[in-house]
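The values are calculated or read from the model by the stated rules, or taken from the named source; none is laboratory data. Quantities reported herein were computed from a predicted structural model and do not represent experimental measurements. For neighbour counting, all protein chains shown are included, and Cβ atoms are generated from backbone atoms with ideal geometry for every residue, glycine included. Remember, those area values only see protein heavy atoms, side chains included, never the ligands or the DNA or RNA. Shrake-Rupley method; radii C 1.70, N 1.55, O 1.52, S 1.80 Å.
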Amino acid sequence: MCAKKRRSESSKLIEELRLIDDRFMNVCLRDNIECVQLMLRIIMNKPDLVVTNMQTQEVVKSLTGRDVEFDITATDSSGKIYDIEIQRSNAGADFRRARYHASVIDSKSLGHGVPFSELTESRVIFITENDVLGGGAPIYHIDRRIKEMKNKLFDDGSCIIYVNASSRNLETELGKLMSDLCNPDPDTMHYEPLADVVRYFKRTRKGQAIMASAYEEWVRRIADAAREEGIEQGI
């Protein structure tokens, strides 16, 4: 395929991408505390939440178990840790995956010899394109309860949250946010910080070049993975 045709095809693909596409979001929100803070303020319903640092595609290696690559990790001014995962497929939002992510956050946030009582609070947030839990709610909060004490909260400082991106009630802040995440057109988005970053990567030459390079890297990684799988099957 000639370079000109390849660039044309990648431009068309980029124009169709949305923030609900995790690879696109990872590039758009890299080092973008403002947008991550906006998202967390809306999802957590805390307008005064302040993000002090964030990272995209953080990889946590494990010597004995499975490695994890977090889509977005962030810490707020109180020290609370957030993991935001973007999942278009239901399989990618498996409940036990959320549990594993929470355990990895815990293991990396508690230093050697530090008392368990000082384990920081964490929130694992899965934003899913479909209503994975099937309850028709825009957002679900999952925490531990004590059955024998009238379902009293077992306050261990952790919570798993599923956000249903198929629920886009434009009368709510959360609904408008989900609408923006699923909208490929920055000119019709509701939140200007999100619109601005999407517009940059879709409508400016520099942004398009960065995204095209990322797109080609994704294609190479998929091809390499497929090649390795084929070799293993052959062996």
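Points to keep in mind about this one:
- Considering only alpha-carbon pairs that sit under 8 angstrom and 6 or more positions apart, the relative contact order computed for the range 88-184 is 26 percent.
- When all protein chains stay in place and ligands, DNA and RNA are ignored, the 1.4 Å accessible-area order of THR73, THR120, largest first, is THR120, THR73.
- For the options ARG145, ARG97, ARG205, a Gaussian network treatment of the chain with springs between C-alpha atoms closer than 10 Å singles out ARG145 as fluctuating the most.
- Globularity index of the range 74-120, i.e. its alpha-carbon radius of gyration over 2.2 N^0.38 Å: 1.37
- Computed with a 1.4 Å probe on the full set of protein chains, the accessible area for GLU216 sits at about 70 Å².
- Per-peptide average of other Cβ atoms within 10 Å, ordering 87-94, 22-29 highest first: 22-29, 87-94
- Under the Debye formula (equal points on every Cα, no solvent term), log10 I(q)/I(0) of the range 92-201 at q = 0.14, 0.17, 0.19 Å⁻¹: -0.75, -0.94, -1.03
- Surface/4 estimate of mean projected area, convex hull on alpha-carbon atoms of the range 1-120, nm²: 10.6
- Here the chain is treated as a sphere whose radius is the Kirkwood value from Cα pairs; by Stokes-Einstein at 10 °C and 1.306 mPa s it diffuses with a coefficient of 82 µm²/s.
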